Amino acid sequence: MRNDSPYISMTAGTYEERHKQNHAAFAIDTALAFATRGFQAPGWLFYGYVFLLGKPAGLHTEFSEEVRDVHQHPAWSRFRAEGEVAVPIRVPPRRLRRAELYTPGDIVSALQNRIWPPKPSDIVDNEAAGRYIPPEDIVAARGVV
């Protein structure tokens, strides 16, 4: 199914309940594990933004869906605690701030030296190149009417 899906996974971090206490599930941990196939292969992390409607996006591929929202997706999912957002595969480059490459060696070294998160092996910086448009430049946030 994952090979045929028009969506990629995006994580925003979340809280999960463990032993009746909330525990932060940080986005970097989930993203690194997913991108590197459990720290076994090189993988890229992309930093950017997408637009959420607050309801199912249907066939509108310019919008994403918040899979962890129990009102939109009430069926139980073991991945809900990952803070996942289903994102169309095509995210315009102007919405991606940067991309970072991580290798298993980067991760092992960080764990051995107790430095977390690890430093990436490579960075592609759209912001420095002038190709990134921050969401604040295009969203007209308004107060409560």
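Points worth noting:
- Candidate set: the range 32-55, residues that are in contact with a strand residue (DSSP E or B) (Cβ under 7 Å, 6 or more places away or on another chain), surrounded by 15 or more Cβ atoms within 10 Å (Cβ to Cβ) and in a loop (DSSP other than H, G, I, E, B); chosen: the one modelled with the highest pLDDT: Pro42
- Residues that are at pLDDT 90 or above and exposed (fewer than 11 other Cβ atoms within 10 Å of the Cβ) within the range 124-145 comprise Ala129, Gly130, listed in sequence order.
- Residues satisfying the stated conditions in the range 102-123, i.e. at pLDDT 95 or above and of a type in the set (A, V, I, L, M, F, W, C): Ile123
- Failed criterion for Glu65 (all others in (1) modelled with pLDDT under 75; (2) of a type outside the set (Lys, Arg); (3) out of contact with any helix residue (DSSP H, G or I) (no Cβ under 8 Å at 6 or more places or on another chain); (4) open to solvent by 50 Å² or more (accessible area, probe 1.4 Å) hold): (4)
The values are calculated or read from the model by the stated rules, or taken from the named source; none is laboratory data. Worth saying up front: this structure is predicted, and the values here are computed from it rather than measured. Virtual Cβ from ideal backbone geometry, glycine too; neighbours counted across all protein chains shown. Ligands, DNA and RNA are stripped out before the accessible areas are found, and what is left, the full protein with its side chains, is counted by its heavy atoms. Shrake-Rupley method; radii C 1.70, N 1.55, O 1.52, S 1.80 Å.
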